[in-house]
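A quick write-up on the structure given underneath.
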Amino acid sequence: MLCIDLSGKKALVSGSTRGIGKAIALYLARAGADVIVTGRDKNRAQDVAQEIEKETGTKAFGFELKLDNPEAIKESYDEIEREVGPVDILVNNAGITKDKLFLRMSLEDWEEVLRVNLTGTFVLTSLVVKGMIKKRFGRIINISSVVGFTGNVGQVNYSSTKAALVGFTKSLAKELANRNITVNLVAPGFIKTDMTQNLPEDLKESYLKNIPLGRFGEPEDVAGVVAFLCSPYADYITGQVIHVNGGMY
Ligand code: NAI
């Protein structure tokens, strides 16, 4: 029987207190990894970690990790390394939207989204990678979005960050390949989470019409692919984009 075994690995998932990140943390734990659940609220992260530990029997830890402040990222990651040890698997999942039509988009709207989605990812990855280089092992998965490839009305800031993650992934993959660190990108389509639940119904309907598989994605649809990319079955895959969107792109 083929199965994914990540026992002995430590996996950090940014923004894993809900939605796609939480599903990813749960799937990696089910595969046997110790998981580090992180989010803006430490208590919430610890509650989710406890939930995962109870369900899977593997170790799960909860930490505050706010991606909008480089100093805070460093402080949090130092604490994580001290208490849990260096990380083998990093999933850069946390991301925010601040949707506005371009003509109404302020510099603040632009910078806020870049700070979390792009600079936060850069800072966290640069801290984590040092330990991976020492171990000569690492799996980095970045979560992009279909809109980084198609564009979307009202999302010039967000889609710019998601497209930028493609270049980030492909360049980093080349730099780190000889250290046995792979870097890949998963680009979800429309997934049912807090991020998408408040979109107007007519907009959701029009998205659904463009999804050949005829349904919106579930967080688990993304989590399974991330677990695969962390597994030995994906050891020879790096610098790639995997689209998880029901065929819409
Ligand atoms: P969500 O809004 O449900 O969850 C986002 C997570 O990021 C939460 O845990 C939140 O606490 C965390 N977060 C937000 N701001 C943060 C900050 N400043 N510092 C640290 N953590 C922060 O979103 P969802 O849908 O689970 O999205 C996860 C990732 O997937 C995001 O990068 C998103 O862009 C991407 N994605 C989502 C799609 C969807 O349809 N839901 C489609 C394509 C991509």
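Summary table
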| item | result |
| --- | --- |
| Some residue of region 105-115 being among the charged types (D, E, K, R), within 15 Å of the ligand (Cβ to nearest atom), under 16 Å from the mean Cα position of the chain (by Cα) and buried (at least 17 other Cβ atoms within 10 Å of the Cβ) | yes |
| Residue ID - farthest from residue 29 (Cα to Cα), chosen from residues in region 223-249 that are buried (at least 18 other Cβ atoms within 10 Å of the Cβ) and of a type in the set (Ser, Thr, Tyr) | 238 |
| Region 127-156 - residue that is assigned to a helix (DSSP H, G or I) and touching a residue at least 60 places away in the same chain (Cβ under 8 Å) and, of those, nearest to residue 200 (Cα to Cα) | 150 |
| Filtered residues of region 24-46 (kept if within 14 Å of the ligand (Cβ to nearest atom), assigned to a helix (DSSP H, G or I), over 29 Å from residue 110 (Cβ atoms) and touching a residue at least 24 places away in the same chain (Cβ under 8 Å)) | 25, 26, 27 |
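Here's the yes/no breakdown for (1) buried (at least 18 other Cβ atoms within 10 Å of the Cβ); (2) within 22 Å of residue 118 (Cβ to Cβ); (3) of a type outside the set (A, V, I, L, M):
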residue	(1), (2), (3)
16	yes, yes, yes
19	yes, yes, yes
27	yes, no, yes
40	no, yes, yes
53	yes, no, yes
56	yes, no, yes
59	no, no, yes
70	no, yes, yes
74	no, yes, yes
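Computed from the coordinates by the stated procedures, all read-outs in this text should not be read as laboratory data. Because the structure is predicted, anything quoted here is derived from the model rather than measured. Here the Cβ is made from the backbone with ideal geometry for all residues, glycine too, and neighbour counts use every protein chain on show.
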